[in-house]
Amino acid sequence: MKKLLLVFIIAFLCWSCSESEDEKYTGNQVEFPLFQSSTYDFTGKLTIRELIGGSLELTLRMDGLKSNTDYAYPAHLHFGSYDQKDSPIAFLLNPVAARNLESVTVLGALSDGSTLDFEAARSFDGHVKIHLANEGPDYGVILVAGNVGPKSSLGFEMEQMAVCGNNY
């Protein structure tokens, strides 16, 4: 009898936790692929979810070799397409942890002062790049990249990728 009671308690707790997690979101969600952009074997995706209240949560997930170090890969949302040279940074995203290859950022005001709601994010003319390092020569090594918005359907050609600017 105690085991049966324990199973019900665990099931209730799991159901309660997942229910409160879902209550953070409106149900609006869109995903964009991130493509291998160097000799490092990573791919990934960007998921944009609308939070209750209208803010946007951006989740980056990379697929590839995880690390046991506390290293993190810098990530940026840029204006323009991935093949645009010196494209300005629209928003600094939280770095992607090398241990789990994930990052979650609540999007604030962009560097030009504008803000994005869910519909504006779906039509945003921009891209995401995840770099090997925050500075130095490894800043120019892009692990994954991909367009956000309507241009995401145009595909990806690694040879066309431009090293992005690190300015706002």
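Worth pointing out:
- ³J(HN,Hα), Karplus 6.51/-1.76/1.60, whole Hz, each residue of region 46-58, x for Gly, Pro: 10, 10, 10, 10, 8, 8, 4, x, x, 5, 10, 10, 9
- Solvent-accessible area, 1.4 Å probe, carbon plus sulfur percent, for the chain: 55
- Percent RCO, i.e. relative contact order, over region 36-160, from Cα pairs under 8 Å lying at least 6 residues apart: 28
- Nearest-ten-degree value, helix 2-22 long axis tilted from longest Cα axis of the chain: 40
- Amide H contacts under 5 Å for residue 25, placed H, 5+ residues apart: 52
- Top positive-direction residue, dipole computed over region 53-168 with Cβ charges, set 154, 114, 132: 132
- Modelled this way, with points 7 Å down the Cα-to-C-beta line, the labels at residue 160 and residue 57 are 3.3 nm from one another.
- Taking amide H as placed 1.01 Å from N in the peptide plane, residue 98 has its amide H under 5 Å from the amide H of 71, 72, 73, each at least 5 places away in sequence or on another chain.
- Label corresponding to Rg and Dmax of the Cα atoms in Å when calculated from the structure given, among [x] 17.0, 56; [y] 18.3, 67; [z] 16.4, 48: [y]
- Put a plus charge on the Cβ of each Lys and Arg, a minus charge on the Cβ of each Asp and Glu, and nothing anywhere else: the dipole of region 25-73 about its Cα centre is then about 40 debye.
- In the elastic network of the chain, a GNM with C-alpha springs shorter than 10 Å, the most mobile of 65, 51, 101 is 65.
- Phi angles across region 77-88 convert, under the Karplus curve 6.51 cos²θ - 1.76 cosθ + 1.60 with θ = phi - 60°, into 3J(HN,Hα) values of 9, 10, 7, x, 7, 4, 9, 8, 5, 6, 5, x Hz, Gly and Pro given as x.
- Solvent exposure of the chain as accessible area per residue, Å², 1.4 Å probe: 57
- Charges were assigned to the Cβ only: +1 to each Lys and Arg, -1 to each Asp and Glu. The resulting dipole of the chain about its Cα centre is roughly 540 debye.
- Backbone amide hydrogens, once placed in the peptide plane, bring residue 146 within less than 5 Å of 35, 128, excluding anything fewer than 5 places away on its chain.
- Pairwise label distance in nanometres, residue 117 with residue 39, each label 7 Å out on the Cα-Cβ vector: 4.8
The values are calculated or read from the model by the stated rules, or taken from the named source; none is laboratory data. The model shown is predicted, which means the values in this text are computed figures rather than measured ones. Ideal geometry is used to build each Cβ from the backbone, glycine not excepted, and the neighbour counts take in all protein chains shown. With ligands, DNA and RNA removed, areas are computed over all heavy atoms of the protein, side chains included. Shrake-Rupley method; radii C 1.70, N 1.55, O 1.52, S 1.80 Å.
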